[in-house]
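Chemist: Here you go, one structure.
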Amino acid sequence: MITLGFVYVLAGLTFAAFAALGLHDRSNPKRFGNAAFWGLLALSMLAGDYLGDFGNGLLVLALVAIAGAGRIGRAPGGDIPAEVQATRAATHGNFLLLVALIIPAAALAGTFLFKWVPGLADPKQATLISLALGVLIALAVGMARLKPPALLPLQQGRRLLDSVGWAAILPQMLASLGAVFALAGVGEVVGTLIGTAIPEGSLFGATLAFGLGMALFTMVMGNAFAAFPVMMAAVGLPLLIEQYDGDPAVVAAIGMLAGFCGTLMTPMAANFNLVPAALLELKNPYGVIKAQIGTAVPLLAMNIVFIWLFAF
Amino acid sequence: MLVLIGILIIIAGFLLRFNPLLVIMASALATGLAAGLDIVAIVAAFGKAFNDTRYVSIIWIVLPVIGLLEAYGLQQHARSLIDRMKGATLGRLLTGYLLLRQAMAAVGLTSVAGHAQTVRPLVAPMAEAAAEARNGALTDDQREEVKAFAAATDNVGLFFGEDIFLAIGSILLMKGLLDGYGYQIEPLHFSLWAIPTAIAAFLIHGLRLRHLEKRMMKQEASA
């Protein structure tokens, strides 16, 4: 049976290849830092379960030291000229599109297949496993028809990852910070603070505090899942549901979505907001957040009104 | 109260534009110390969480495929497809993607699309081409804004579609939490109450996409 372990091995080998190729790129003055950074990430993917908690912690400290000292970066130049790409696009056109669609199609097909046919792959991780299989299939199909130099996919993939840089592990770092926050009881303290700030006896005031609190606390934590239990315990349950007799399904469902509006406005949700800015090579790292604020603010207001209208 | 120092460090660190990885580590250490943990325990807790959340970073395995296809001109091809479609405007293209992303997420297919899989190789170049088809060459700022809106549209579609699906993590979290407080609620009720917000998100973001398209044309006319 295929498990998530297979995907980690695949990811580990990919990062190891990026590290090795990076080390040989003499045009890059930061090649040693790059090689060390992606090499450590490869180690984490391949052997993280054997390093122990403290060992993994030291690995993270090393990653942070390399990035913090500015030792990783992309080599200048080396892009394939636009004319060459345009000529190749004219020849291969729809085939490229087909290969690009193999990955989402495989993720889609595998998600259903692995749930219907038990024993092939871990059904809980069906989508991630299918995504990885899709990558392998797309790569095999693409290589067979395009016949590029053997290392071209890994070289181009490495260049893309080098332009994302340390932001590539930002989401994983923030998720880990959330675990430390939980251990230290940060959520309870914030919940108590917000709970004491609500005007007595005002239903709309309590609804407003709940919706705004979900969005603000999500912005701080980068994740609505972390904000939800805290805001429910501080405001949602004692006030909206118990004191004002609100419908718990409405309070919970729309409260969570108010939190999602916060996710659109915070750099802490790095995988949604900062990573795409790096991936699309935007000049402003907060460009995606800037584009989202105009949707998030009115939608948050709508969510607060929806709770007020539908829950009571 | 002292444990809130980590939040202050995060906010100050991001505002002052220190390297975010350093800011996160400083925040974790300060928060842990304020809660009375020793350094070794904090590093171990962080290391355990890092190892448990490795799945967050496996998306990068798609990069060799994207790199190969882009070297052979995938982005150019995506653009030329838009050039050949007469009715494909920036607003229509991104609104169509928004609807598709919401619909897919609503049936649980959240990882089928995404910034690495679909936005960078397909949606962003198509959006640029659609804007250029109407307005001629884009300025750098316009190009930046079009690409940012392509990514934003993916996020809005995902966030306000996924909660309609019954078995998504957030619904299980809501059910588990309310169960713990003695409220038994069927997952279907949470799903249904996600629909009004999904419609509102589509309308608000769709209007903004139309507005973006008009703004691009106006800027071009006045330039």
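The values are calculated or read from the model by the stated rules, or taken from the named source; none is laboratory data. The structure displayed is predicted, hence computed values, not measured ones. A quick note on method: Cβ atoms are made from the backbone with ideal geometry, for glycine too, and the neighbour counts reach across all protein chains shown.
Chemist: As an exercise: evaluate residue A:225 against (1) closer than 17 Å to residue B:162 by Cα; (2) more than 7 Å from every other protein chain (Cβ to nearest Cβ) and give the number of the one condition it does not meet.
Modeler: Residue A:225 satisfies all of (1) closer than 17 Å to residue B:162 by Cα; (2) more than 7 Å from every other protein chain (Cβ to nearest Cβ) except (2).
Chemist: Just to be sure I understand, how many residues within region B:90-131 are without any contact (Cβ under 8 Å) to a residue 12 or more places away in the chain and of a type in the set (Asp, Glu)?
Modeler: The qualifying residues number 0.
Chemist: Identify the single condition in (1) under 30 Å from residue A:83 (Cβ atoms); (2) charged (D, E, K, R); (3) under 19 Å from the mean Cα position of the chain (by Cα); (4) more than 9 Å from chain A (Cβ to nearest Cβ) that residue B:145 does not satisfy, given that it satisfies every other one.
Modeler: Result: residue B:145 passes all but (4).
Chemist: Kindly establish whether residue A:217 is surrounded by fewer than 18 Cβ atoms within 10 Å (Cβ to Cβ) and part of a helix (DSSP H, G or I).
Modeler: Taking the combined requirement at face value, the residue does not satisfy it.
Chemist: Wholly within region B:36-92, which helices (runs of 4 or more DSSP H) include no fewer than the required count, namely at least 2 residues that are at pLDDT 90 or above and of a type in the set (Val, Ile, Thr)?
Modeler: B:39-52, B:63-71
Condition check ((1) modelled with pLDDT under 95; (2) in a helix (DSSP H, G or I)) across all residues:
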residue	(1), (2)
A:261	no, yes
A:267	yes, no
A:271	yes, yes
A:275	yes, yes
A:281	yes, no
A:289	no, yes
A:297	no, yes
A:300	no, yes
A:310	no, yes
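Chemist: Now a separate question. Out of A:89, A:100, A:67, A:109, I need the residue that is in contact with a Pro (Cβ under 7 Å, 6 or more places away or on another chain) and part of a helix (DSSP H, G or I). Which one?
Modeler: A:100
Chemist: For region A:58-109: of the residues being under 21 Å from the mean Cα position of the chain (by Cα) and over 24 Å from residue A:164 (Cβ atoms), which is nearest to the other protein chains (Cβ to nearest Cβ)?
Modeler: Per the criteria, the residue is A:108.
Chemist: Applying the selection to region A:243-266, what residues are of a type in the set (Asp, Glu) and facing chain B (nearest Cβ under 9 Å)?
Modeler: Across region A:243-266, the qualifying residue is only A:247.
Chemist: I'd like to know if region A:129-143 contains one or more residues that are crowded, with 23+ Cβ neighbours inside 10 Å, facing another protein chain (nearest Cβ under 7 Å), out of contact with any strand residue (DSSP E or B) (no Cβ under 7 Å at 6 or more places or on another chain) and among the polar types (S, T, N, Q).
Modeler: No, every residue in region A:129-143 fails to be crowded, with 23+ Cβ neighbours inside 10 Å, facing another protein chain (nearest Cβ under 7 Å), out of contact with any strand residue (DSSP E or B) (no Cβ under 7 Å at 6 or more places or on another chain) and among the polar types (S, T, N, Q).
Chemist: If the requirement is being assigned to a helix (DSSP H, G or I), facing chain A (nearest Cβ under 7 Å), over 18 Å from residue A:49 (Cα atoms) and of a type outside the set (Gly, Ala, Ser), which of these qualifies: B:33, B:8, B:21?
Modeler: B:21
Chemist: Right, something else. Looking at (1) crowded, with 16+ Cβ neighbours inside 10 Å; (2) at pLDDT 90 or above; (3) part of a helix (DSSP H, G or I), find the lone condition where residue A:72 falls short.
Modeler: Checking residue A:72 against (1) crowded, with 16+ Cβ neighbours inside 10 Å; (2) at pLDDT 90 or above; (3) part of a helix (DSSP H, G or I), the one that fails is (3).
Quick grid of which residues meet (1) surrounded by 23 or more Cβ atoms within 10 Å (Cβ to Cβ); (2) within 21 Å of residue A:103 (Cβ to Cβ); (3) within 12 Å of another protein chain (Cβ to nearest Cβ):
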{"site": "B:89", "(1), (2), (3)": "no, no, no"}
{"site": "B:95", "(1), (2), (3)": "no, no, no"}
{"site": "B:114", "(1), (2), (3)": "yes, yes, yes"}
{"site": "B:131", "(1), (2), (3)": "yes, no, no"}
{"site": "B:137", "(1), (2), (3)": "no, no, no"}
